[in-house]
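Derivation of every value follows stated rules applied to the coordinates shown; laboratory data play no part. Predicted, not measured: the structure shown is a model, and the values here were computed from it.
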């Protein structure tokens, strides 16, 4: 009678030379990394905090004692003078119109184009997608003169059309969305077709919910790019009526000295800080609200399963 040998038990103990991740060396490394990140965060936030706080200081105190702070002297005079001297409200309004319209076009058209590049087979697809990628390498300054001549021929100079339509379908947005959509299994789309869903219905009901994190990240980046854009708005909309917020901020010192005779350096500095603080608030709110979605969107499609 043959006797079966008992199963061999594998020794799962760690080698004697290997330390646990939570040991003293691991804790020291973690603490060092956290301290380094805290220093970097403080270095990045220090100028922003200084600008926000200094906007409430009297103009003369900003110049005389830039790093000092007397809570008893905090005032809103810089904001009052800035709102009276500079048409910042018009800049906010123009930027809001451009941001909402151009952002909506980007977030709708870019995923559609990316869906076609990722999931359809047609003649010249790779060549066309390569052409889109090549446009990413062109400096913005190279395109300004051709675009300006085109806007002039169409009669769109100093109009919302000139601020919105050029660059509404961004090449980077198409590229990023294409990389994310390419990871969606084709079987999922085929199942929707079998169920009788049309092509646009597949995009709207199947693809769009899957890429929602990446789309949220793209929304944050698009908002920042449109909000901070200066070169094209200052060329395409030179009139004060169509000036966006960044153009208003760039010409703020000229507006202050032009509207107030004898405006000194301290006054201009205080109003500049007040205007910059107001301009920072919308982007700060957007990033704080969508921070989680932005991080998930950045990571979307980066790991292949």
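Determine the distance separating the Cα centre of the stretch 162-229 from the Cα centre of the stretch 105-119; give it in Å without decimals. Here the two parts' Cα centres lie 5 Å apart.
Note: relative contact order over the stretch 81-299, using C-alpha pairs below 8 Å and six or more positions apart, is 36 percent.
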